[in-house]
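Q: Can you keep this structure in mind? I'll have questions shortly.
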């Protein structure tokens, strides 16, 4: 049994999924058994994926290697890698809005706002300090950033507004309180129900432990490229055969 860490669907019927392995799988939808390729490069599990809203061929991801990466989906190619300053596990990516994405970190009360520059690089714009562990974030219309806080019952949603100089500033005066008996979790990551500790070990697959044979090894990348080339060649041959048959019938 496999657990998905993140799943995203594009408007051109593609499905991007990740689990405790180092790869991001690109499948067709609804025929998810048809795999178009893999995004290979992370050296640890992938925790979140977010699509670049202005395009169907770009996405960003983050994972246990403390990096945020920008990808070209069509070419299955990494465009840029951003190393997070804090050595904290990135757990969630917001939606991409106005070329910005917010990253939450496990074990940290900060949210890092990153900018995607010309679809070729990622830069740190601002680090936001909040009171509790951030669980998730989302942009609204490019002018509002909502941050969901964990392990608190009051003010569990923090609101930030973009100022005229492009910086994010906390919008005070907004309070929310959870009903009695309901509390926010401390983390969005999988935990052991007996001990409450994080379960971050990688799954053991029949090809061997992923920590011993990572998906970003050169031979695996070359094997994936060769597989994609065979599928494309077969598709071209099928198309040529169909065209020839139609011509003969005419």
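The values are calculated or read from the model by the stated rules, or taken from the named source; none is laboratory data. Since the model is a prediction, treat every value here as computed from it, not as a measurement. Cβ coordinates were reconstructed from backbone atoms using ideal geometry, including for glycine residues, and neighbour counts include every protein chain displayed.
Q: Those residues that are within 21 Å of residue 77 (Cα to Cα), touching a strand residue (DSSP E or B) at 6+ places or on another chain (Cβ under 9 Å) and surrounded by fewer than 20 Cβ atoms within 10 Å (Cβ to Cβ), I need them from the stretch 96-121; list them, please.
A: 99, 115, 117, 119, 120, 121
Q: Which members of the stretch 77-95 meet the condition of being crowded, with 19+ Cβ neighbours inside 10 Å and assigned to a loop (DSSP other than H, G, I, E, B)?
A: Result: 84, 89, 94.
Q: Looking at the stretch 77-95 only, could you name the residues that are farther than 30 Å from residue 224 by Cα and touching a strand residue (DSSP E or B) at 6+ places or on another chain (Cβ under 8 Å)?
A: Result: 85, 86, 88.
Q: A follow-up question, please. If I filter the stretch 22-33 for residues that are surrounded by fewer than 18 Cβ atoms within 10 Å (Cβ to Cβ) and under 19 Å from residue 138 (Cβ atoms), do I get at least one hit?
A: Within the stretch 22-33, not a single residue is surrounded by fewer than 18 Cβ atoms within 10 Å (Cβ to Cβ) and under 19 Å from residue 138 (Cβ atoms).
Q: Now a separate question. Going by the conditions given, is residue 136 out of contact with any helix residue (DSSP H, G or I) (no Cβ under 9 Å at 6 or more places or on another chain), surrounded by 15 or more Cβ atoms within 10 Å (Cβ to Cβ) and on the phi > 0 side of the Ramachandran plot?
A: When the stated conditions are applied, residue 136 does not pass them.
Q: Does residue 41 fit the bill of being in contact with a strand residue (DSSP E or B) (Cβ under 9 Å, 6 or more places away or on another chain) and not in a strand (DSSP E or B)?
A: yes
Q: I would also like to ask the following. For the stretch 206-233, how many residues are modelled with pLDDT of 75 or more and either closer than 28 Å to residue 19 by Cβ or outside any helix (DSSP H, G or I) (or both)?
A: Total satisfying the criteria: 8.
Q: Looking at the stretch 56-76 only, could you name the residues that are under 23 Å from residue 225 (Cβ atoms), touching a residue at least 60 places away in the same chain (Cβ under 8 Å) and part of a loop (DSSP other than H, G, I, E, B)?
A: 73, 76
Q: Which one of 5, 9 is in contact with a strand residue (DSSP E or B) (Cβ under 7 Å, 6 or more places away or on another chain) and in contact (Cβ under 8 Å) with a residue 40 or more places away in the chain?
A: Of 5, 9, the one residue that is in contact with a strand residue (DSSP E or B) (Cβ under 7 Å, 6 or more places away or on another chain) and in contact (Cβ under 8 Å) with a residue 40 or more places away in the chain is 5.
Each row is one residue, and each column tells you yes or no for (1) closer than 22 Å to residue 149 by Cα; (2) modelled with pLDDT of 90 or more; (3) touching a helix residue (DSSP H, G or I) at 6+ places or on another chain (Cβ under 9 Å).
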residue	(1), (2), (3)
31	no, no, no
43	no, no, no
78	no, yes, no
86	yes, no, no
93	yes, yes, no
98	no, no, no
106	yes, no, no
111	yes, yes, no
115	no, yes, no
